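This report concerns only the one structure given below.
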Amino acid sequence: MKKSTVNEIKERFDNDVERFANLETGQVATMDAQISLELLTSTAKTIKPKAVNVLDIGCGAGNYTLKMLSKVPNLNATLIDLSQNMLDKALERVSEATTGKVETIQGDIRDIALPQNHFDIILAGAVLHHLREDSDWEFVFQKLYDSLTSGGCLMISDLLIQDHEEVNKLIWGKYGDYLKQHGGEEYQQKVFDYIEKEDTPRSMTYQLDLMKKVGFLSTEILHKNACFGAFGGIK
């Protein structure tokens with residue numbers, strides 16, 4: 001199947017802002033969204049308690065940055081998203097929650113120039129699975145590493161595959177059961193269809209190995225449940 005273009009993904013998110021603006025529920029289709037959000041932000045605070053600058057990639061309506069601000073107040077926030085509608089909502093919500101500078105950048109992380117050694121914390125919630133080729137993944141991980149301050153962290157929460165084909169089938173079967181419980185077979189099919197069309201997730205192992213390859217000093221696994229995980233790297 002031909003994967004969605006960046007523009008097609010942008011259009012879908014342009015029309016879905018309110019659903020992504022609920023800090024309590026997170027996303028029903030994302031297992032343990034709340035647990036991952038809490039773990040990533042509290043870990044980032046532990047790693048960089050005196051953080052000044054946060055970057056939120058694929059920020060959606062700003063939930064990750066808002067949660068981060070509840071732990072480390074008044075950060076300067078840079079918010080990146082494909083969707084201007086999402087950015088408008090995120091800007092409104094985040095600006096109310098910090099006295100720091102809030103900047104929004106519309107576009108694809110692959111095309112955006114980032115400052116070097118600038119961000120103390122980079123948050124990437126349910127976004128990197130839109131990367132396609134291995135070269136994309138390596139390019140973006142290197143770019144994020146370069147833009148972190150020494151001792152800074154890249155914290156990722158995302159959809160994952162397993163490296164072993166049969167194990168992958170097992171795990172995705174469990175995710176299918178979860179979706180059926182929450183919305184029936186039709187809902188499960190709808191979610192699987194848009195994952196098939198839009199997403200090219202990689203395994204947690206792949207991403208942890210890639211972090212080491214581009215220079216991260218250490219990596220941490222915070223949570224994994226079926227095909228969702230929360231993990232990070234420290235520069």
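The values are calculated or read from the model by the stated rules, or taken from the named source; none is laboratory data. Every value quoted in this text rests on a predicted model; they were computed, and no experiment measured them. Note: ideal-geometry Cβ built from the backbone for every residue, glycine included; neighbour counts use all protein chains shown. Accessible surface is based on the protein model in full, side chains and every heavy atom, while ligands, DNA and RNA are left aside. Shrake-Rupley method; radii C 1.70, N 1.55, O 1.52, S 1.80 Å.
Taking Cα Rg over 2.2 N^0.38 Å as calculated from this structure, the corresponding entry among [x] 0.91; [y] 0.95; [z] 1.16 is [y]. Distance between the 7 Å Cα→Cβ label points at D136 and D193: 2.2 nm. Per residue, the solvent-accessible area of the stretch 140-205 (1.4 Å probe, heavy atoms of protein chains only, all protein chains present) comes to 48 Å². Taking the accessible area of the chain, probe 1.4 Å, and keeping the other protein chains in place, the carbon and sulfur fraction comes to 51%. With R₀ fixed at 35 Å, the C-beta to C-beta distance from K50 to K174 puts the FRET efficiency at about 0.30. Accessible surface computed residue by residue for the stretch 68-119, with neighbouring protein chains in place and a 1.4 Å probe, gives 48 Å² per residue. In this structure, the amide hydrogen of G125, modeled 1.01 Å from its nitrogen in the peptide plane, lies closer than 5 angstrom to those of I57, S157, counting only residues at least 5 positions away or on a different chain.
Treating only the Cβ of Lys, Arg, Asp and Glu as charged (+1, +1, -1, -1), what charge dipole size does the stretch 172-214 show about its Cα centre? Round to the nearest 20 debye. Present the calculation step by step, with values, prior to reporting the outcome.
On the way: 7 positive and 8 negative charges, 64 e Å.
For the stretch 172-214, the charge dipole is close to 300 debye.
Loop-located GluC sites (Glu not before Pro) across the stretch 109-206 with a Cβ neighbour count of 14 or fewer within 10 Å are E133, with loop assigned by DSSP.
The residue among V140, Q116, T104 whose Cα reaches farthest toward the positive pole of the charge dipole of the stretch 100-155, with charges on the beta-carbon of Lys, Arg, Asp and Glu, is T104. If you average the sequence gap of Cα pairs under 8 Å that are 6 or more apart and divide by the length of the chain, what percent do you get for the contact order? Relative contact order comes out at 21 percent. Full extension of the segment from K213 to D111, taken as 0.36 nm per residue of separation minus the current Cα-Cα distance, would add 34.6 nm.
Dipole check for the chain: with +1 at the C-beta of Lys and Arg, -1 at the C-beta of Asp and Glu, and the Cα centre as origin, the magnitude is about 700 Debye. In the elastic network of the chain, a GNM with C-alpha springs shorter than 10 Å, the most mobile of Q142, Q116, Q84 is Q116.
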